[in-house]
Amino acid sequence: MAMVQPRNLQYRVWAARIVMIALLCLIMFPFLMIISVSFRTGNFATGSLIPDNPSLEHWAMVLGIPYETADGNIIQPTFPVLTWLWNSIKVSLTTSALILMLSTTGAYAFARLRFRLKNHLLTSMMILQMFPAVLALVAFHAFFNKLGGVVPWLGLNTHSALVMSYLGGITMHIWLIKGYFESIDVALEESAYIDGATPWQAFRHILLPLSVPILAVVFVLSFIGVIGEYPIASVLLQGVDKLTLAVGVKQFLYAQNYLWGDFAAAAILTGMPITLVFLMAQRYLVNGLTAGGVKG
Amino acid sequence: MALPANAESMATRDDYANKTVEKIMTISANVRTLLSGNGPKWALVALIDLALLYVVFLLYAQGEMLFPLTLLVLGSVGTWVFTSKGGYCYRYVYPCLLGIIMFIVFPLVYTFSISFTNYGSANILSLERVKEIHLDKQVKTGDQVYRLALYQDNDQYQLQLTDKNDSENIYTSEAFTLDGQAKEVTAQPDTSAQGQRLSMRDIVKQRTALGEITVNLNGNTRLVMSSLREFAAMAPQYREEADNVLVDIHTGESIRPDMVTGFYVNVDGEQIAPGFSVYVGGENYQLLLEDKGIREPFFKIFVWTLVFSALSVTLCGIIGLLLANLMQWEPLKERGIYRVLLILPYAVPAFISILIFKGLFNQNFGEINMILEGLFGIEPEWMTNPTFARMMILIVNTWLGYPYMMIVCMGLLKAILDDLYEASAIDGANPIHNLLFITLPSLAKPMAPILIASFAFNFNNFVLIDLLTAGGPMRPGTSIEAGFTDLLVNFTFRTAFVAGQDFGLASAIATMIFLIVGFISWVNLRATRSSQEY
């Protein structure tokens, strides 16, 4: 608490409050609107923020329940939204787990071990990760197309190929974990070495248990990154049942077949769990991001 | 630059430390027993190597060179790292490097090599494959023509073929089903077919399925349907001669591969599809620099990409910084709630919020235009007018990007000593003085690398543009499609996958983008280093 307070503090607080509320209205507008749209009747309905005659048709649609309209027609669900959600979660969880394994071991080596080319490797990794995956799509497509001819479960239109293609994007995670490892006192591991532990044991039984917070941050960050990834998935996956959410949800909004209401319901249904995970992990994420940010 | 560590996590860390020290005691007893027993490791390495060799061999058998070679090199390096003592330190680095090499370096090299070829939808195959396609081509020889009769017995069919020149010469096929699948049936000299002979009308119905049937006469001549009434003998059209030249068996005319255009050409120089990919040298780069229809949109898109990235970083940075200041201001008691709500745009997956904005900005029934119409009587053409489209993109990107800047600024603001603000308050400074003379100078150094990284991210912000406008509205008068809101990545993506499918040209653009962005991040690294050295 500052010791010196200006006299007109109360007015300033109220001014700030009004500005904040106005700003929040602007920022929250899309979210409120999409909730409203998901309860409106029909796909082209416009109207006030609170729907005039609310309907659950869009929600039935995305949950895969056939919906009966007022005039007796039964509308079948258009897209397997829940399958997409499951695909997304499956791919994201596997990828995040693998990324965590790869980046913790890598970060350990960069933070603690001494080997040739260490700094050069780090620099080139930082530069290489700037090559956008979108531009590597031709290569990804060709690679998995050919690999699929030999190992079918790693071919195009498989989730394992998608997971593999995400494993290149680990540099930022290595960087984050490395920064955290460096903040832990080396003395702990050194005492283990004196007792005859190998580097692996020092890593597994000392460093890892101490780094759980940053590991959680990296897991959540990569989970969010993968679940929202869209270009690679759109090229590697083709079958409707194989799509991830990020690719599938777009199909609601084709110009010829504009299902605005269904999209709204699907967006809330699928955005909600991801948003909740993020908000729950928020405190750790903020610390992780700033620590990583400061270190570059 | 060090941040005050979070008090809670410090406490838990100390707890962990105490527990771990206890653990170490018990571990050290077990260390020696764990060290022995390398047998399973060797078995595992051998097993992985065998599987890898198998895949490499199969890929090589398919006529690939680059893929199996990469796998072979990575596999042998991996074997060395995990079996030799000298490679011990690399055991920790190898797995993550493997991911980076396979899915960043390899695609990069592959893209770079494609940029010197004419690989694209018209020239997608290899020369060997195109030659095979030509050699597989069958033409009707005309010397053996048979009239057909089709017999049906439930779902079993039989073909009876009568030689057109010799009506005594009759063959009957074995029974088969007509399910539209390509299949080969054998026929013997015989006249006894089972079931009922079908009329012409029924044969017409089965025409497509019959077209898939190849009849093998006595195991030497192969017939396919040549008209509704006839089956005729087929023979390959070409035979191969030296240097991949193909000669038409029936006309004697020869076609040869043209290694410049990537097509087989006949004597008159006509191209025969499909094409194959050939090395074209720097032609794609030359196109980018010299063809007016490509160079002009490329340059304009490059400029817009720079403007977009710079504006995005500036807007997000300013808003993020101001909000972060407000969030640290203690008299504002309820700021915890504001903070969670302000982070929300960052928490919702971008692909969802961008699509929500796409609907809200819809010109005809989007809510934003309805509100603007009601309040000010205007209806901006967000999707068709280039200026409005660009404004929309900046609005949406600012909405998406300011929370990250806010989070980072909040962390950095904590590190500024309160005494500075105390002192300035005593001297009678107002908040604007504080911002300009205390906050900004202290943030400038640590923020620089973050701003540059964010610039590089926006430079390649493919998803935003692709989901919101897909690059539109389109620029008129360009030889490849280019839009007013296209970023370089979107332009490349469209060139490669949507319009024209010119992978060679797209790869050339991709290579240039990588050089630009690589340079930016190199500068960023230098900046980071210098900010840490004081």
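The values are calculated or read from the model by the stated rules, or taken from the named source; none is laboratory data. Worth saying up front: this structure is predicted, and the values here are computed from it rather than measured. In this analysis, Cβ positions are derived from the backbone assuming ideal geometry, glycine residues included, and neighbour counts consider all displayed protein chains. Ligands, DNA and RNA are stripped out before the accessible areas are found, and what is left, the full protein with its side chains, is counted by its heavy atoms. Shrake-Rupley method; radii C 1.70, N 1.55, O 1.52, S 1.80 Å.
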Can you tell me which lysines have their Cα less than 23 Å from the Cα of B:LYS292? Leave out same-chain residues fewer than eight positions away.
B:LYS300
First check a/c for the protein assembly as shown, with a ≥ b ≥ c the square roots of the eigenvalues of its C-alpha gyration tensor; if it is under 1.5, answer rounded, and if not, answer prolate when a/b is larger than b/c or oblate otherwise.
prolate
Using alpha carbons only, how many degrees (0 to 90, rounded to 10) separate the axis of helix A:81-112 from the longest principal axis of chain A?
20
Hey, what do the phi angles of the stretch B:109-123 turn into as Karplus ³J(HN,Hα) couplings, whole Hz, using 6.51/-1.76/1.60 and θ = phi - 60°, x for Gly and Pro?
5, 4, 4, 4, 6, 5, 5, 9, 10, 9, 3, x, 4, 7, 10
Rounded Å value of the spacing that divides the Cα centres of the stretch B:346-382 and the stretch B:235-257:
62
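Assuming a strict under-15 Å limit between Cα atoms, what lysine pair count do you get for chain A once near-sequence pairs (fewer than 8 apart, same chain) are dropped?
On the way: A:LYS90/A:LYS242; A:LYS118/A:LYS178; A:LYS178/A:LYS295; A:LYS242/A:LYS250.
Taking the Cα cut-off of 15 Å, the pair count is 4.
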Solvent-accessible area, 1.4 Å probe, carbon plus sulfur percent, for chain B
60
The stretch A:202-266: trypsin sites (Lys or Arg not before Pro) in DSSP coil with no more than 12 other Cβ atoms inside 10 Å
none
For B:LYS333, give me every one of the lysines with a C-alpha distance below 24 angstrom, ignoring sequence neighbours fewer than eight places off in its own chain.
B:LYS414
Skipping prolines and chain starts, which residues have an amide H placed within reach, meaning under 5 Å, of the one on B:SER226, given they are 5 or more residues away or on another chain?
B:PHE231, B:ALA232
Between the chain alone and the structure with every protein chain in place, find the residues of the stretch B:367-398 that drop at least 10 Å² of accessible area; heavy atoms, 1.4 Å probe.
B:GLU367, B:ILE368, B:MET370, B:ILE371
Taking amide H atoms as placed 1.01 Å from N in the peptide plane, list the residues 5 or more away in sequence, or in a different chain, whose amide H sits under 5 Å from that of B:PHE365.
none
Based on alpha-carbon centroids, what's the gap between the stretch B:190-218 and the stretch B:395-448 in Å, whole number please?
85
Between B:THR186 and residues 5 or more places away or on another chain, which pairs have amide H atoms under 5 Å apart, with H built 1.01 Å from N, and which residues are they?
B:GLU174, B:ASN216
Tell me, what is the per residue accessible area of the stretch A:149-217 in Å², probe radius 1.4 Å?
37
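Counting GluC sites (Glu not before Pro) as exposed when in a DSSP loop with at most 10 other beta carbons within 10 Å, what is the longest stretch of chain B free of them?
Maximal segment without exposed cleavage sites: B:335-532.
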On each of the three principal axes of the Cα atoms of chain B, give max minus min coordinate, whole Å, ordered largest first.
120, 81, 51
In whole Å, how far is the Cα centre of the stretch B:69-88 from that of the stretch B:474-528?
36
Could you report the accessible area of B:HIS433 in Å², rounded to 10, computed with a 1.4 Å probe on the protein chains as they sit in the structure?
90
Check the straight Cα-Cα distances from B:LYS140 and name the lysines below 24 Å, setting aside those fewer than 8 residues away within the same chain.
B:LYS131, B:LYS164, B:LYS183, B:LYS205
Computed ³J(HN,Hα) along the stretch B:206-218: with the Karplus parameters 6.51/-1.76/1.60, θ = phi - 60°, integer Hz and x for glycine or proline, the list is 8, 4, 5, 5, 5, x, 8, 8, 10, 9, 9, 8, 6
DSSP loop trypsin sites (Lys or Arg not before Pro) in the stretch B:300-396 with at most 12 other Cβ atoms within 10 Å of their Cβ, which ones?
B:LYS333
On full extension of the chain, what length is gained from B:ALA46 through B:ILE272, given 0.36 nm per residue of separation minus the C-alpha to C-alpha distance?
76.5 nm
GNM result for chain A, Cα springs below 10 Å: residue of A:HIS159, A:HIS120, A:HIS141 fluctuating most strongly
A:HIS120
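How much accessible area is lost when chains B and A come together, counting both sides, with a 1.4 Å probe, in Å² rounded to the nearest 100?
Adding both sides of the contact gives about 10200 Å².
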